[in-house]
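Each remark here refers to the structure printed beneath this line.
Only the coordinates and a few stated rules stand behind these numbers; no lab work does. Small disclaimer: the values here were computed from a predicted structure and weren't measured. Virtual Cβ from ideal backbone geometry, glycine too; neighbours counted across all protein chains shown.
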Amino acid sequence: MTEHTITIAGRDDTVTAAADQTMLDAMLRAGVWMPNSCNQGTCGTCKLKVLCGEVDHRDSPLSTLTDQDRADGYTLTCQAVATSDVTVEAADGGTDAVHHPLIDFTAIVTRVDDVAQDTRIVYLRPDREFEFSAGQSVSLHVPGAPGERRQYSIASLPTDPEIELHIRREAGGVASDQWANGTIRVGESVELSGPLGDFVYDPSDTDGGLLLLGGGTGIAPLKGIARAALADNPEREVIVYHGVRTCAYLYDQQFWADLAAAHPNFTFRPAVSREHHEGCMGYVSDRLLEDLSTCRGMTGYLCGSDRFVDGVAAAAKRRRLAPRRTFRERFTPARTRDLVAG
Ligand code: FES
């Protein structure tokens, strides 16, 4: 089968891609960082300019890669394959976090906990060492649905024996409903690929406090980030808000209470938007504005729906959270039916 090389302009990185391998997949497997988030062609994070050579955009949707983008030489590296040797521009951004190569592996389902309304935590024990950074995601090859993959944020740390995924049931979803709330069995073997995503705790960013804002199961990657940050510096200021609609969607309360008991500068604040809950009522954005006079000098990690992320980002910005220190992870509707991430 024909292989092609992908060269990153201005860097020494050159990787080889198989004929049917997406450019992003080839680069991540070679340990070469490229921005990515949804890995299904819908977020645009992986859009890069091809400086020379030919690519096939394959399933890239016009809503993400417009005709003008194509005319200007851009491609979605999570969808496109190289059809000749190519050179792409180096991506902007990225943190100093360690980037671990993408791998495929098998894991065994060890536990399934119902933790809140329509919310399950699934624990998976990998069959090999799986390195990732706190906050990243893994792609699940949905059992019983050939070709279907769903991306979930990892709530655990690489040092944990199991991968922890928080899965919110979406009616009819092939992963969240038919598998995670249907056919899933303890002892079952599942196929995974990872790590993925740029929502990454950066251990070199040690200045100031951390502001972690999660909506619904968007709290999942923040659990790992909070643990990683407090393991690095038990005295660091870490403030977590968990936004939910009703109390029935709150979970992991004891985990957060234990973290608060163990760390003097850690604070957990639930925010319930549509139901009276003593001391916790309201949207995260409103609570944040009421509680904090400034976020200057902090680093923010925001995860949830588009609406949640946009709302809390605006509030945090009003409190002087610097845009360059604001990291966002958005739930991305699957190109079929399910929800991915978180
Ligand atoms: S469009 Fe490629 S990572 Fe989202």
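Here are some notes:
- Percent of C-alpha pairs per 5 Å bin in the stretch 78-135, short distances first: 4, 11, 11, 15, 16, 15, 13, 8, 5, 2, 0.
- Three principal axis lengths of the stretch 103-196 [C-alpha, angstrom, descending]: 32, 29, 23
- Taking all C-alpha pairs of the chain, those more than 36 Å from each other amount to 20 percent.
- The trypsin sites (Lys or Arg not before Pro) of the stretch 127-177 that DSSP puts in a loop, and whose beta carbon has at most 15 other beta carbons within 10 Å, are Arg128.
- Taking the square roots of 5 times each eigenvalue of the Cα gyration tensor of the stretch 212-270, largest first, gives ellipsoid semi-axes of 20, 11, 9 Å.
- With neighbour counts taken as other beta-carbon atoms within 10 Å, the residues Lys317, Lys223 rank, fewest first, as Lys317, Lys223.
- Rounded to two decimals, the Cα radius of gyration of the stretch 289-338 over 2.2 N^0.38 Å is 1.31.
- Potential extension, Arg296-Arg318 segment - 0.36 nm per residue separation minus Cα distance: 6.9 nm
- Considering the stretch 169-278, its Cα convex hull presents a mean projected area of 9.3 nm².
- Compared with the dominant Cα axis of the chain, that is its longest principal axis, helix 306-318 is turned about 70°.
- Computed over the stretch 3-96, the quotient of the alpha carbon radius of gyration and 2.2 N^0.38 Å is 0.96.
- Annotation note: trypsin sites (Lys or Arg not before Pro) in the stretch 1-79 located in DSSP loop regions with a Cβ neighbour count of at most 11 within 10 Å are Arg11.
- Taking the longest Cα principal axis of the chain as reference, the axis of helix 253-262 is set at about 80 degrees.
- Sequence-separation-based contact order of the stretch 1-136, relative, with Cα cut under 8 Å and 6+ spacing, percent: 25 percent
- The stretch 236-342: projected area of the alpha-carbon convex hull, averaged over directions, in nm²: 7.7 nm²
- Longest exposed-site-free window of the chain, the sites being GluC sites (Glu not before Pro) in a DSSP loop that have at most 10 other C-beta atoms within 10 Å: 1-128
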